[in-house]
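The values are calculated or read from the model by the stated rules, or taken from the named source; none is laboratory data. Keep in mind that what you see is a predicted model, and the values were worked out from it rather than measured. Backbone-built Cβ (ideal geometry, glycine too); neighbour counts: all protein chains shown. Surface accessibility is based on the protein's heavy atoms, side chains included, excluding ligands, DNA and RNA. Shrake-Rupley method; radii C 1.70, N 1.55, O 1.52, S 1.80 Å.
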Amino acid sequence: FLSAQETGLYAATATIGRTVLFVTSSLGIVMFPKVAALHERGERIVGVLLQGLLGALVLSAAVEVVLFAAPSIVVRILFGPAFAAIAPLVGWYGLAMLLLAVAGILTAYFLAVGNRTFVLLLLFCCVLQATLIVVRHSTASQLVQAVLAANAMLVILLLIMLAVQMRRVREPAVARR
């Protein structure tokens, strides 16, 4: 959809923004077996989930601070002055990756407890992102907006799903019948 120049700008933006995701990538992998073991034994999982979410937020936020506070410096160091136009975008793409990191922790949790319903939400958000890109796709900025909107929707839906699941777990068995 993009011109060659806009494609290069988007690729550079995505490369920088994905650093937010890279710093959190191991959290879900570490969290998964702990949650699965606790779930299997019928023990409380919330603490491990909160640690994973907090870890993702803290690590991602550390990178985000740099991307929003000094985007021009980051872009200049990594890609040179020819890519100065992406400076306003890198923090926003990084925010989209922060949201994806949070979604990754939540999906690892749902996998660990055997709840696969999140796949439908993920599919919905993939379709949403593709639709947003098809509708608005003339600039790198519009693609960043599509990724950010779809990831924000994914996190919101996953948090709603988590709240519903947590509420069901707290209800007495008799009330669920």
Exercise. If you check GLU40 against the conditions, is it under 16 Å from LEU98 (Cα atoms) and out of contact with any strand residue (DSSP E or B) (no Cβ under 9 Å at 6 or more places or on another chain)?
Worked result: no
Exercise. Among the residues of region 142-173, how many are of a type in the set (S, T, N, Q), out of contact with any helix residue (DSSP H, G or I) (no Cβ under 6 Å at 6 or more places or on another chain) and open to solvent by less than 50 Å² (accessible area, probe 1.4 Å)?
Worked result: 2
For this session: Search region 1-26 for residues that are within 17 Å of ILE73 (Cβ to Cβ) and pair each with any residue that is aromatic (Phe, Trp, Tyr) and open to solvent by 60 Å² or more (accessible area, probe 1.4 Å) when their beta-carbon atoms are under 9 Å apart and the residues are at least 6 apart or on different chains.
Result: ALA12/PHE79; THR13/TRP92; THR15/PHE79; ILE16/PHE79; GLY17/TRP92
Exercise. What do you reckon, is ILE133 over 12 Å from the mean Cα position of the chain (by Cα) and surrounded by 14 or more Cβ atoms within 10 Å (Cβ to Cβ)?
Worked result: yes
